[in-house]
Amino acid sequence: MKITRYLTILAIIFLSLTPVIWFKPGYLIGRGDNFPFWFNSLNTFYNDNFIWDSTNTGQLSEWLRYGIFGSLWYILQVNHIPPNAAQILFQILYLLGGCLSIYLLSTTIYENQKITAVIASIFYMFNFYRMNYSVYQEVSWNLVFLPLLLAFYVRIINNLKKNEKTAKNIIGFAIVSTIMSSFSSTNPTLLLSILIAFGIIFVYYIIVENGIRIKIIKNLASLSILCFLINIWWIIPFIISLISTKTTSEMGFTTSIIGYSSMHVRSSFLNLFWLNGMWWWTPYYVSYFDAYSNPALKLLVFIPALIAFLGLLFRNNYRKINTYFGSVVLVLMFLAKGLHPPLENINFFLYNYVPGSFAFREPFPKFYLILIIFLALLVGSSCNSIVNMIRKTEFKHKNAASNLFVTFIAISFMISTFPLITGQILDTGPPDFRFSFYFQIPDYWYQTSNYINNNIEDSRILITPDDDFYQMPYKWGYYGADVLPSRLITKPTLQQQYGYIINSNYKGIITVAYGGIRNNSVTEFNNMLALMNVRYIVQRNDIWWDWDSRNIISPGDIKSFFSSQKNIQLENSFGEIDVYRVSNITYLPHIYTASAQITVHTFDDFIRLLNSSSFTPEQQNIIISYQNQNKTFSERDYSIRPHIFFQKINPTKYKIKIESAHKPFYLIFSESYHPGWQAYINTDSMQCNPIALYGNLNVTECGHESKFFEIKDLTRLSGQTIPEESHLLINSYANAWYIDPQKIGVADNFTITLSFRPQSYFYIGVIISGFTFIGCAGYLVWDWRRKRDEMRSIGGRTLY
């Protein structure tokens with residue numbers, strides 16, 4: 001039996017190494033929404049761990065909540081693992097980790113049923129849903145940890161039934177919850193999926209375990225408290241993001257479920273039974289599409305569902321839980337079909353009247369993330385029952401027959417998902433499709449990023465041409481999410497914004513900037529460059545600008561537009577990329593003061609002013625009255641400005657020394673407006689090593705620092721700030737504070753710290769979660785040592 005067990009373990013490990021076949025030296029894997037966002041972790045890791053992301057003109061960061069996942073990428077790259085090899089290692093983790101998780105869940109629910117666990121594990125690795133979503137990080141990550149989370153909870157229930165201590169399993173549950181939920185919080189639908197999966201298990205045990213219901217409920221309270229404490233490090237940014245969405249952003253998509261009905265077109269019950277409800281299941285996207293018209297393969301893909309529901313006919317000790325899981329699978333299938341007939345009116349009713357249901361507007365991948373777990377358990381349990389039935393017969397070779405059956409089932413899973421094994425899931429679509437899952441980023445992109453990153457000014461980079469869709473086609477073979485510039489260049493890049501939630505202010509100004517190029521409006525374009533703190537323009541000539549009727553302005557037209565301007569000069573070229581520099585005549589630093597203000601009423605008035613020769617960005621700022629309701633501001637026009645020294649500490653903190661502030665003034669901070677930006681008045685000392693002088697503006701930029709955390713970031717929360725009514729939204733996106741030295745009680749020379757207040761809340765959350773984790777780890781170590789000492793004591797008495 002031991003030999004069989006070891007062979008099984010070796011077979012599972014061997015099968016989990018399947019992604020090694022996908023590896024192509026020097027090539028990254030990515031297409032569509034699946035860009036390898038962490039390929040440059042050595043350079044992006046630091047900025048990714050702040051709650052404010054400076055990309056575009058600044059926004060709340062989602063990268064922070066990927067912290068655990070991003071840390072793994074960073075560790076691999078620090079240890080000289082190239083990003084393409086790291087991608088393969090993660091795919092191995094997804095297969096092996098998911099296999100071990102479902103194995104633990106199976107053995108916890110179906111005690112002493114090894115066949116159940118083995119078959120469930122193999123099916124969980126090789127099933128049609130897993131195959132087609134293998135390159136989707138969010139799905140793959142949850143497929144690894146969701147079964148593990150459920151396993152710990154079932155073990156807690158078993159502890160309660162046996163009157164055993166639950167502490168270790170509660171700690172295990174809490175740690176797994178933060179690993180999984182922090183990643184999933186970037187897509188709230190995944191958080192709902194996790195809660196639904198947990199709720200399914202919880203409801204079952206509340207129903208069947210009459211004697212310990214009170215214990216289960218009390219234990220849930222303890223579990224919830226510990227989970228909250230260990231997860232608070234990402235819960236705080238998540239809540240702040242939800243609140244900010246209502247105040248600074250707008251929906252970038254339709255909120256009518258009818259608008260998403262095209263994603264439900266293939267979710268018939270027949271397709272759902274072979275785990276294929278993908279709307280994109282077409283030859284255009286799937287190179288192996290035609291292979292599944294083979295009759296034998298058509299039969300094999302239905303085997304898991306047939307076996308799963310066949311198992312419900314067997315009478316055994318697990319019939320009750322299997323019936324429950326079977327019912328769950330059918331309900332989830334019904335929900336996953338969305339608006340596909342039959343009974344689509346029921347689903348339509350749920351979408352319109354059940355709170356939160358709209359989050360499942362693309363229902364198949366979200367509901368099947370849960371369903372695949374319970375289907376795997378049913379498939380394993382059913383195979384175990386069939387094996388037991390065979391072994392109870394009088395057939396002479398019944399053991400061989402049962403082993404042959406198990407082998408056939410396991411092999412059928414692998415054959416039905418052959419593209420996962422052969423690597424064909426990463427093949428291109430039809431022959432005329434120019435883009436592959438495999439691509440190499442040209443060296444000239446790295447040369448460009450190094451050149452720009454070496455510029456020490458705190459400035460922004462405009463990326464051209466703009467994308468008319470959130471994906472961009474490159475001549476060197478990549479077609480997908482247009483994030484390469486922002487993940488390669490460490491300075492903030494400006495690009496068109498797409499997504500489910502967008503910053504309406506930024507969307508307006510970036511559209512105006514790109515519109516200046518399209519409309520050949522030199523004045524408008526240059527004024528926007530100044531107001532947006534743009535020092536460099538990166539012109540991509542390697543874009544397939546006329547691909548598939550895309551509305552992308554041609555590189556030739558952009559070059560012609562730039563060549564006609566005095567204040568924009570071609571400074572360097574790297575391969576297919578041109579780098580233009582904005583001269584000091586047009587450039588405005590990140591922080592400065594304006595000597596005059598102009599008030600307009602609407603955004604259209606703002607655009608008209610940008611096109612006016614009377615507007616001078618370095619002298620004036622623009623206040624749009626409807627964007628500053630309930631704020632007090634006054635027109636000022638002083639020829640003498642105070643002297644400003646500013647120093648960037650990190651993306652959420654800047655120190656500013658102000659000298660000779662004899663009159664009130666507007667301090668302008670060219671970062672997206674957010675009420676979380678606070679101007680703290682303090683007496684902090686500030687050493688300035690000048691790196692840039694802007695004499696016409698009376699501004700000196702000081703050498704930057706890179707400090708992630710200081711104690712003052714917490715104590716500053718109770719410090720004096722410039723009143724919020726003096727905090728304005730100017731230039732249609734940026735922050736400005738109206739500062740009257742006399743009113744705030746300071747002399748002509750004083751220091752201000754601009755700090756993003758939610759970052760301090762994040763630090764508090766990290767401290768709480770950190771101490772909670774240390775406490776949990778300490779308990780586990782103490783418990784282990786206690787048991788070790790007990791075993792030694794027992795052993796000593798026995799020998800004596």
Looking only at segment 1-55, count how many residues are among the hydrophobic types (A, V, I, L, M, F, W, C), part of a helix (DSSP H, G or I) and surrounded by fewer than 20 Cβ atoms within 10 Å (Cβ to Cβ). 13
Within the bounds of segment 135-148, is there any residue that is surrounded by fewer than 22 Cβ atoms within 10 Å (Cβ to Cβ) and farther than 17 Å from Phe90 by Cβ? no
Scan (1) more than 26 Å from Lys475 (Cβ to Cβ); (2) out of contact with any Ser or Thr (no Cβ under 6 Å at 6 or more places or on another chain) for the single condition Asp578 breaks and write down its number. (1)
Within segment 154-163, take every residue that is part of a helix (DSSP H, G or I) and not hydrophobic (A, V, I, L, M, F, W, C) and give me the one that is nearest to the chain's Cα centre (by Cα). Arg155
Within segment 188-233, considering residues that are over 15 Å from Asn159 (Cα atoms), surrounded by 17 or more Cβ atoms within 10 Å (Cβ to Cβ) and among the polar types (S, T, N, Q), the one nearest to the chain's Cα centre (by Cα): Thr189
The number of residues in segment 665-687 that are more than 21 Å from Gly703 (Cβ to Cβ) and crowded, with 16+ Cβ neighbours inside 10 Å is 12
Residue among Phe395, Phe358, Phe367 that is in contact with a helix residue (DSSP H, G or I) (Cβ under 8 Å, 6 or more places away or on another chain) and under 18 Å from Pro147 (Cβ atoms): Phe367
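Residue-wise test of (1) without any contact (Cβ under 8 Å) to a residue 24 or more places away in the chain; (2) out of contact with any His (no Cβ under 9 Å at 6 or more places or on another chain).
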residue	(1), (2)
Leu313	yes, yes
Tyr318	no, yes
Ala359	no, yes
Pro363	no, no
Ile370	no, yes
Leu377	no, yes
Met389	no, yes
Asn399	yes, yes
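Of everything in segment 561-608, what is part of a loop (DSSP other than H, G, I, E, B) and over 34 Å from the mean Cα position of the chain (by Cα)? Give them in sequence order. Steps first, please.
If we filter segment 561-608 for residues that are part of a loop (DSSP other than H, G, I, E, B), which is where we start, we get 564-567, 575-576, 583-590, 595, 601-602.
Answer for segment 561-608, where residues must be part of a loop (DSSP other than H, G, I, E, B) and over 34 Å from the mean Cα position of the chain (by Cα): Ser564, Gln565, Lys566, Asn567, Ser583, Asn584, Ile585, Thr586, Ser595, His601, Thr602.
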How about segment 688-704: which of its residues are surrounded by 13 or more Cβ atoms within 10 Å (Cβ to Cβ), of a type outside the set (Gly, Ala, Ser) and in a loop (DSSP other than H, G, I, E, B)? Cys688, Asn698, His704
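Taking the conditions exactly as written (closer than 29 Å to Leu375 by Cβ, under 22 Å from the mean Cα position of the chain (by Cα), modelled with pLDDT under 95 and outside the structural domain of Ser140 (by TED's automatic domain parsing)), does Asn34 satisfy them or not?
Working: closer than 29 Å to Leu375 by Cβ: yes; under 22 Å from the mean Cα position of the chain (by Cα): yes; modelled with pLDDT under 95: yes; outside the structural domain of Ser140 (by TED's automatic domain parsing): yes.
Spelling it out, Asn34 is indeed closer than 29 Å to Leu375 by Cβ, under 22 Å from the mean Cα position of the chain (by Cα), modelled with pLDDT under 95 and outside the structural domain of Ser140 (by TED's automatic domain parsing).
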Any idea which of (1) surrounded by fewer than 15 Cβ atoms within 10 Å (Cβ to Cβ); (2) within 30 Å of Asn43 (Cα to Cα) is the one Thr422 doesn't satisfy? (2)
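Suppose the filter is aromatic (Phe, Trp, Tyr) and under 37 Å from the mean Cα position of the chain (by Cα); does Phe665 pass it? Don't jump to the end; show me each part of the working.
Working: aromatic (Phe, Trp, Tyr): yes; under 37 Å from the mean Cα position of the chain (by Cα): no.
Spelling it out, it is not the case that Phe665 is aromatic (Phe, Trp, Tyr) and under 37 Å from the mean Cα position of the chain (by Cα).
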Restrict the check to segment 501-510 and report whether at least one residue is hydrophobic (A, V, I, L, M, F, W, C), outside any helix (DSSP H, G or I) and outside the structural domain of Asp604 (by TED's automatic domain parsing). yes
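Return a yes/no flag: does segment 747-757 have any residue that is farther than 30 Å from Ile170 by Cα, buried (at least 17 other Cβ atoms within 10 Å of the Cβ) and over 41 Å from the mean Cα position of the chain (by Cα). Write out each step before concluding.
Within segment 747-757, the subset farther than 30 Å from Ile170 by Cα is 747-757.
With buried (at least 17 other Cβ atoms within 10 Å of the Cβ) added as a condition, the list becomes 750-757.
Okay, now just the ones that are also over 41 Å from the mean Cα position of the chain (by Cα), so none.
The answer is no; no qualifying residue exists.
Condition check: over 30 Å from Pro237 (Cα atoms), small (Gly, Ala, Ser) and over 17 Å from the mean Cα position of the chain (by Cα). Does Ser106 satisfy that? First the steps, then the outcome.
Numbers: over 30 Å from Pro237 (Cα atoms): yes; small (Gly, Ala, Ser): yes; over 17 Å from the mean Cα position of the chain (by Cα): yes.
So Ser106 passes the test.
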Test: residue in segment 703-726 that is at pLDDT 95 or above and over 30 Å from Ile767 (Cα atoms): no
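Does Ile598 count as assigned by TED's automatic domain parsing to the domain that holds Asp443 and among the aliphatic types (A, V, I, L, M)? Step through it out loud before you land on a result.
Numbers: assigned by TED's automatic domain parsing to the domain that holds Asp443: no; among the aliphatic types (A, V, I, L, M): yes.
No; evaluated as a whole, the condition is false for this residue.
Yes or no, residue by residue, for (1) touching a residue at least 60 places away in the same chain (Cβ under 8 Å); (2) among the aliphatic types (A, V, I, L, M); (3) not in a helix (DSSP H, G or I):
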| site | (1), (2), (3) |
| --- | --- |
| Met131 | yes, yes, no |
| Trp141 | yes, no, no |
| Leu146 | yes, yes, no |
| Phe152 | no, no, no |
| Lys165 | no, no, yes |
| Ile170 | no, yes, no |
| Ser177 | no, no, no |
| Met180 | no, yes, no |
| Phe183 | yes, no, no |
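Got a sec? Which of Ile409, Ile441 is part of a loop (DSSP other than H, G, I, E, B), surrounded by 15 or more Cβ atoms within 10 Å (Cβ to Cβ) and modelled with pLDDT of 90 or more? So that I can check it myself, show each step before the final result.
Details: Ile409 fails: part of a loop (DSSP other than H, G, I, E, B).
None of the other options fit; the residue is Ile441.
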Out of (1) part of a strand (DSSP E or B); (2) under 30 Å from Asn527 (Cβ atoms), the odd one out for Pro675 is which? (1)
Looking only at segment 149-180, filter to residues that are touching a Ser or Thr at 6+ places or on another chain (Cβ under 9 Å) and among the hydroxyl-bearing types (Ser, Thr, Tyr); which one of those is surrounded by the fewest Cβ atoms within 10 Å (Cβ to Cβ)? Thr166
Considering only segment 522-553, state which residues are part of a helix (DSSP H, G or I), farther than 16 Å from Ile461 by Cβ and either touching a Phe, Trp or Tyr at 6+ places or on another chain (Cβ under 6 Å) or of a type in the set (A, V, I, L, M, F, W, C) (or both). Val522, Trp547
Among the candidates Ser595, Ser625, which residue alone is farther than 30 Å from Gln759 by Cβ, at pLDDT below 95 and crowded, with 19+ Cβ neighbours inside 10 Å? Ser595
Filter segment 85-129 down to residues that are aromatic (Phe, Trp, Tyr) and not in a helix (DSSP H, G or I) and give me whichever is farthest from Pro304 (Cα to Cα). Tyr110
When segment 260-290 is checked residue by residue, the ones that are at pLDDT below 95, of a type in the set (A, V, I, L, M, F, W, C) and under 17 Å from Ser134 (Cβ atoms) are Met278, Trp280, Trp281, Val286, Phe289
Filter segment 643-657 down to residues that are among the β-branched types (Val, Ile, Thr), more than 28 Å from the chain's Cα centre (by Cα) and crowded, with 22+ Cβ neighbours inside 10 Å, then give me how many there are. 1
Would you mind telling me which numbered condition in (1) within 22 Å of Asn276 (Cβ to Cβ); (2) modelled with pLDDT under 95 Lys162 fails? (1)
Being modelled with pLDDT under 95, β-branched (Val, Ile, Thr) and either assigned to a helix (DSSP H, G or I) or within 30 Å of Val144 (Cβ to Cβ) (or both) narrows it down to one of Ile243, Ile200, Ile235, so name that one. Ile243
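The values are calculated or read from the model by the stated rules, or taken from the named source; none is laboratory data. Quick caveat, the model's predicted, so the values are computed rather than measured. Glycine also receives a Cβ, built like all others from the backbone with ideal geometry; neighbour counts cover every protein chain displayed.
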